[in-house]
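Input: a single structure, listed below in structure tokens.
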Amino acid sequence: MSLEKLKKLVTRNEKIAMLTCYDATFAKLSEAAGIDVLLVGDSLGMVLQGAENTLSVSMQDMEYHTTSVAAGVTNSCIMTDMPVGSYEQDKETALLNAKKLMAAGADIVKIEGGGDIVHIARHLIDQGIPVCAHLGFTPQSVVQLGGYRIQGKTDESAHGIMEDAIEMDKIGVSFVLLEMVPAVLAKQITESIKAPTIGIGAGVDCDGQVLVIQDLLGIYTGPASKKPEDFKSPRFTKNFLAEQHSIQAAIQAYVTEVKNKNFPSAQHSY
Ligand code: KIV
């Protein structure tokens, strides 16, 4: 599944189904279930390492898990997160680290933010590295954002996210990922830019959807330090295993609901 083929899906009005993946077993299973893009997300800091957020994830972690995922697939597109501290400071460091992730098996890297890092994204793209820009709620800025909060609720904030999306689109990013923004804003952005949009908590009108595999299976119960009973799943998640008999069937059900535009419903959107 090349980036070109993914763009053709969008042209045909077919939604892109993306899912996080951190190892070869789940990569094989997800590919067989019809996932278009496997995201080696730095969410692995939370769902694999038990941390409160993604801030402790290292380049070594991302290289290791990208290599593991790449070993399990034959043709899925692999997107890998650049972890915090690996790209924001200067464009040379960003390029060096992006090349390491591509060498590990990534087809495209994802970076978080707009304005301040547009020059970094531009440098990567100029050097032949495909980039996805992650906007809206950006988990690497969870402290600055004051916690896990929906973004783009005020006119000013919505305008800022729209501007960032347009800027990133102009410099040629391959995708814009929108996390936890009002569905109406995600729709406007999707209609305003060329790059396909991928949503998580961003409504059904994005060009594709992404979920964290542990959320899709209904098995994430918060950081290791917290009691499972104190954890409440975010609104945008859905347990697809609840009505299926196997993990592969659950992933297939997710793919079908994304492609049929049944997921996310209003109940899973803001
Ligand atoms: O790291 C991750 O899994 C992500 C998703 C939440 C989109 O960035």
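The values are calculated or read from the model by the stated rules, or taken from the named source; none is laboratory data. These numbers were taken from a predicted model, which means no experiment stands behind them. Cβ atoms come from the backbone with ideal geometry, glycine included; neighbour counts cover every protein chain shown. The area values use the complete protein model at the heavy-atom level, side chains included, leaving out ligands, DNA and RNA. Shrake-Rupley method; radii C 1.70, N 1.55, O 1.52, S 1.80 Å.
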For segment 227-254, give me each residue that is in a helix (DSSP H, G or I) and open to solvent by less than 80 Å² (accessible area, probe 1.4 Å). P228, I247, Q248, A249, A250, I251, Q252, A253, Y254
Where residues in segment 173-186 are in contact with a Gly (Cβ under 9 Å, 6 or more places away or on another chain) and free of Cβ contacts under 8 Å to residues at least 60 places away in the same chain, which of them is nearest to the ligand (Cβ to nearest atom)? E179
Among the residues of segment 7-25, which ones are hydrophobic (A, V, I, L, M, F, W, C) and crowded, with 23+ Cβ neighbours inside 10 Å? I16, A17, M18, L19, C21
Residue, surrounded by the most Cβ atoms within 10 Å (Cβ to Cβ), within segment 125-147, restricted to residues that are of a type in the set (A, V, I, L, M, F, W, C) and assigned to a loop (DSSP other than H, G, I, E, B): F137
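The rows are residues; the columns are (1) open to solvent by 30 Å² or more (accessible area, probe 1.4 Å); (2) more than 20 Å from T237 (Cβ to Cβ); (3) free of Cβ contacts under 8 Å to residues at least 60 places away in the same chain; (4) not in a helix (DSSP H, G or I).
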position: T93; (1), (2), (3), (4): yes, yes, yes, no
position: K99; (1), (2), (3), (4): yes, yes, yes, no
position: A121; (1), (2), (3), (4): no, yes, yes, no
position: R149; (1), (2), (3), (4): yes, no, yes, yes
position: E167; (1), (2), (3), (4): yes, yes, yes, no
position: Q188; (1), (2), (3), (4): yes, yes, yes, no
Number of positions in segment 23-51 that are in contact (Cβ under 8 Å) with a residue 60 or more places away in the chain and of a type in the set (S, T, Y): 2
A195 being among the hydrophobic types (A, V, I, L, M, F, W, C), away from the ligand (no atom under 15 Å from the Cβ) and buried (at least 17 other Cβ atoms within 10 Å of the Cβ): yes
Might you check whether a residue that is away from the ligand (no atom under 15 Å from the Cβ), within 19 Å of the chain's Cα centre (by Cα) and more than 19 Å from Q151 (Cα to Cα) occurs anywhere in segment 206-216? no
Residues within segment 101-113 that are in a helix (DSSP H, G or I) and either more than 17 Å from the chain's Cα centre (by Cα) or surrounded by fewer than 24 Cβ atoms within 10 Å (Cβ to Cβ) (or both), tallied: 3
Pairs, first touching a residue at least 60 places away in the same chain (Cβ under 8 Å) in segment 205-230, second open to solvent by 50 Å² or more (accessible area, probe 1.4 Å) and within 15 Å of the ligand (Cβ to nearest atom), C-beta under 6 Å, six or more apart: P223/E52
So which of S56, S86, S30, S43 ends up being open to solvent by 50 Å² or more (accessible area, probe 1.4 Å) and within 15 Å of the ligand (Cβ to nearest atom)? S56
